[in-house]
Amino acid sequence: MARKSYPTDLTDMEWEILAPLIPPAKSGGHPRTANMREICNAIYYHLKTGCQWNMLPGDFPPSSTVYSYYRKWQSKGVWEKLNHTLRGQVRSKLGRSTQPSAIA
């Protein structure tokens, strides 16, 4: 059974942009079993709703797994890269330079 969709879920186009920025699984050890798109969907749900990690809906991956990826990616600067990439995409669609030219 497919899980319920949420307004915060990534579209296929958004996932196409973000997927290459997700760090690859470490070599050796257990293979990655978590669905990275679902991990991102759960993180975006948390950020948008402000719910506690352990209050994520049950149809997302386990909250401990989601939180673990969130913290790892935060410490590796992944969120900064994602934001930079998405900002550039939006600016490009608006006909602007991908980099802001002024500091506010």
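Just so it is clear, none of the values below were taken in a lab; they were calculated from the coordinates. None of the values given here were measured: they were computed from a predicted structure. Positions of Cβ are backbone-derived with ideal geometry, glycine not excepted, and every protein chain shown enters the neighbour counts.
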Please give the contour-minus-distance gain from Lys26 to Lys4: 0.36 nm per residue of separation, less the Cα-Cα distance, rounded to one decimal in nm.
4.9 nm
When the Karplus curve 6.51 cos²θ - 1.76 cosθ + 1.60 is applied with θ = phi - 60°, which whole-Hz ³J(HN,Hα) does each residue of the range 24-30 get, with x for Gly and Pro?
x, 5, 5, 7, x, x, 6
Round to the nearest 10 and give me the degree value, 0 to 90, for the angle of helix 78-93's Cα axis relative to the longest principal axis of the chain.
50 degrees
P(r) of the chain over all Cα-Cα pairs, binned every 5 Å from zero, in whole percent:
2, 11, 19, 23, 18, 14, 8, 4, 2, 0
For Asn83 and Glu14, extending 7 Å from Cα along the Cα-Cβ vector and measuring point to point gives, in nm, a value of 1.7 nm
Ordering 38-44, 19-25 by per-residue average of other C-beta atoms within 10 angstrom, highest first, gives 38-44, 19-25
For every other residue with a beta carbon closer than 9 angstrom to the beta carbon of Phe60, add +1 if it is Lys or Arg and -1 if Asp or Glu, then tell me the sum.
-1
Of Thr11, Thr65, Thr85, which is the most mobile in a GNM of the chain whose springs link Cα atoms less than 10 angstrom apart?
Thr11
